[in-house]
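Colleague: One structure coming up, written as structure tokens, with questions to follow.
The values are calculated or read from the model by the stated rules, or taken from the named source; none is laboratory data. Being a predicted model, the structure only gives us computed values, none of them experimental. Don't worry about glycine lacking a Cβ; one is built from the backbone with ideal geometry, like all the others, and counts go over all protein chains shown. Heads up: the accessible areas ignore ligands, DNA and RNA and are worked out on the full protein's heavy atoms, side chains in. Shrake-Rupley method; radii C 1.70, N 1.55, O 1.52, S 1.80 Å.
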Amino acid sequence: MTLFEKIIQLLKESGVWYEVLEHEPVYTSEQAAAVRPDISLRQGAKAMVLTINNGQMTNGKSYVMVVLPGDMKMDYRKVTKFLGVKDVTLASPAEVEQVVGVKIGAVSPFGNLSGLPVLVDKSLLENSVIAFNAGDHSKTVALGGATFA
């Protein structure tokens with residue numbers, strides 16, 4: 001089952017309103033906002049996978065997903081402080097594909113479906129509707145902001 005199919009199944013089982021939009025492939029929040037009618041950049045949920053460095057040498061790596069409105073920039077210091085770790089860095093494209101199973105630009109904010117802890121900027125949830133790539137560069141899912149919480 002693809003990530004897109006998992007998301008749709010989860011939303012159907014939850015009984016929440018959602019809408020699927022199909023469009024040309026997009027790879028950035030700005031490109032996505034341009035092809036999503038009536039959905040602003042701020043309403044886009046930008047999902048980013050970070051690598052956690054807790055100062056210990058281990059063979060395995062730890063990851064976390066941070067979800068921001070599309071018009072916000074990542075504040076690495078704030079995330080590092082919140083998690084109480086030494087450092088966080090943006091995961092490489094290869095790491096993202098390994099951990100989430102999709103290429104960057106198609107990462108959905110449902111990191112829990114990939115076993116990732118998810119941190120969400122609360123300002124995203126203030127939107128009546130949010131939209132995000134759903135495991136596919138050509139598919140967007142829109143749903144209520146409060147629903148995502």
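Colleague: Enumerate the calculated ³J(HN,Hα) couplings along segment 18-23 in order (Karplus 6.51 cos²θ - 1.76 cosθ + 1.60, θ = phi - 60°), each rounded to whole Hz, writing x wherever the residue is Gly or Pro.
Modeller: Couplings: 8, 9, 9, 10, 9, 7 Hz.
Colleague: Now for a different question. Over 21 Å between Cα atoms: which of 46/122; 6/81; 73/139; 46/73; 61/86; 46/86 fall into that group?
Modeller: Listed pairs above 21 Å: 6/81; 73/139; 46/86.
Colleague: Leaving out ligands, DNA and RNA, and with a 1.4 Å probe, what % of the accessible surface on the chain is carbon or sulfur?
Modeller: Ligands and nucleic acids excluded, carbon and sulfur give 52 percent.
Colleague: Using only the alpha-carbon atoms, how far is helix 3-14 inclined from the longest principal axis of the chain? Give it as 0 to 90 degrees, nearest 10.
Modeller: Computed tilt is about 70 degrees.
Colleague: Where does each of 118-125, 18-25 land if you order them by average Cβ count within 10 Å, highest first?
Modeller: With the highest mean Cβ count within 10 Å placed first, the list reads 118-125, 18-25.
Colleague: Sketch the reach of a paramagnetic label on residue 22 as a point 7 Å from Cα along Cα-to-Cβ, and name the residues of segment 103-134 whose backbone nitrogen lies under 18 Å away.
Modeller: 132-134
Colleague: Same structure, new question: Per residue, how much accessible surface does the chain expose to a 1.4 Å probe? Answer in Å², no decimals.
Modeller: Value returned for the chain: 55 Å² of accessible area per residue.
Colleague: Pull up all non-local amide H partners of residue 129: gap of 5 or more, or a different chain, and H-to-H distance under 5 Å with H placed in the peptide plane.
Modeller: Those lying under 5 Å, H to H, from residue 129 are 145.
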